[in-house]
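Notes follow the structure.
The values are calculated or read from the model by the stated rules, or taken from the named source; none is laboratory data. What you see is a predicted model; the values in this text were computed from it and never measured. FYI the Cβ positions are ideal-geometry reconstructions off the backbone, even for glycines, and counts take in every protein chain you see. SASA here: full protein model, heavy atoms, side chains in, ligands and nucleic acids out. Shrake-Rupley method; radii C 1.70, N 1.55, O 1.52, S 1.80 Å.
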Amino acid sequence: GTPSRRASYATLAKQALQSAGGPIFGQGSTTGAEGPGGLTFAVQMAEVEVDEETGVVRVTRLAAVHDVGRAINPLSIEGQVAGGVTQGMGFALTEWLRVQDGEVLTTNLMTYLLPTAPDVPRVEVSVLEEFPGAGPFGAKGVGEQPVIPTAAAIANALANATGVQLRDLPLTAERVLAALRGREKPAGSKATAS
């Protein structure tokens, strides 16, 4: 609210370097995360159908392979992975917090779309116990891990099916249709790929 006190990021960075007497360095460490036993590994593959007349993307199949250290409760892990994949599908396809001039336009669940049961295919989950983790009995966390690769798997399946690579999420029908119309090769009626 005070225009005379505004400064660019470049100016602030320069002032910070000058006041510190040079570059600022930091270092840190963790315990239990060294080597493959402290890291989590995951891969996901998606199969999609794309209606090239409307731009609608539908996930028809999704496989998720996750290294969890020791699977103390495999059924619970499968549920965690399926839930995370569903959240990742929302991130990839429908969830869009729209803000214009500082005002949130997506104010309810009628405009902020979440995936529902008909939107989500059966998730094929494979649990690997390759590297023991730092958790109890060698377990690793699996809460956040399933959300991370889902959007990339869906976007890559879309690219494989249509030849257009979108990097902005969500992959709404409007965005997909605009990308399909902008490509050079002729459009067909449907495309399927994984």
| note | The alpha-carbon center of the stretch 149-167 and that of the stretch 42-105 are separated, in whole Å, by 13
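Can you give the FRET efficiency for residue 129 and residue 168, using 1/(1 + (r/R0)^6), R0 = 41 Å, r = Cβ-Cβ distance, to the nearest 0.05?
The formula returns an efficiency of 0.65 here.
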| Extension gain residue 112-residue 45, at 0.36 nm per residue separation less the Cα-Cα distance, in nm? | 21.5 nm
| message | Rolling a 1.4 angstrom probe over the protein chains, ignoring ligands and nucleic acids, what is the accessible area of residue 17 in square angstrom, nearest 10? | response | 90
| request: Would you mind counting up the charge near residue 66? Only other residues with Cβ under 15 Å from its Cβ, with Lys and Arg at +1 and Asp and Glu at -1. | output: -4
| query | From the backbone phi of the stretch 104-112, what are the Karplus-calculated ³J(HN,Hα) couplings (6.51 cos²θ - 1.76 cosθ + 1.60, θ = phi - 60°) in whole Hz, Gly and Pro given as x? | reply | 6, 8, 8, 9, 8, 7, 7, 10, 9
| field | the stretch 64-188, dipole about Cα centre (Lys/Arg Cβ +1, Asp/Glu Cβ -1), debye to the nearest 20 | value | 300
| Normalized C-alpha radius of gyration of the chain, against 2.2 N^0.38 Å? | 1.34
| request: Sort the following peptides by mean Cβ neighbour count (other Cβ atoms within 10 Å, averaged over residues), highest first: 107-117, 78-88, 142-152. | output: 78-88, 142-152, 107-117
| request: Kindly report, to the nearest 10 Å², the accessible surface of residue 183 as traced by a 1.4 Å probe over protein heavy atoms only. | output: 40
| request: Can you send over the solvent-accessible area of residue 70, 1.4 Å probe, protein chains only, in Å² to the nearest 10? | output: 120
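Considering only protein heavy atoms, with the full assembly of protein chains and a 1.4 angstrom probe, order 137, 41, 91 by accessible area, largest first.
Solvent-accessible surface, decreasing: 137, 91, 41.
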| Can you pull the percent of the chain's accessible area that's carbon plus sulfur, 1.4 Å probe, other chains left in place? | 54
| message | How much accessible area per residue does the chain have, counting only protein heavy atoms and a probe of 1.4 Å, in square angstrom? | response | 64
| task | Using just the helices of the chain, give the 222 nm mean residue ellipticity in deg cm²/dmol: DSSP H runs with n ≥ 4 each add -39,500 (n - 2.57), and the total is spread over all residues, rounded to 500. | result | -9000 deg cm²/dmol
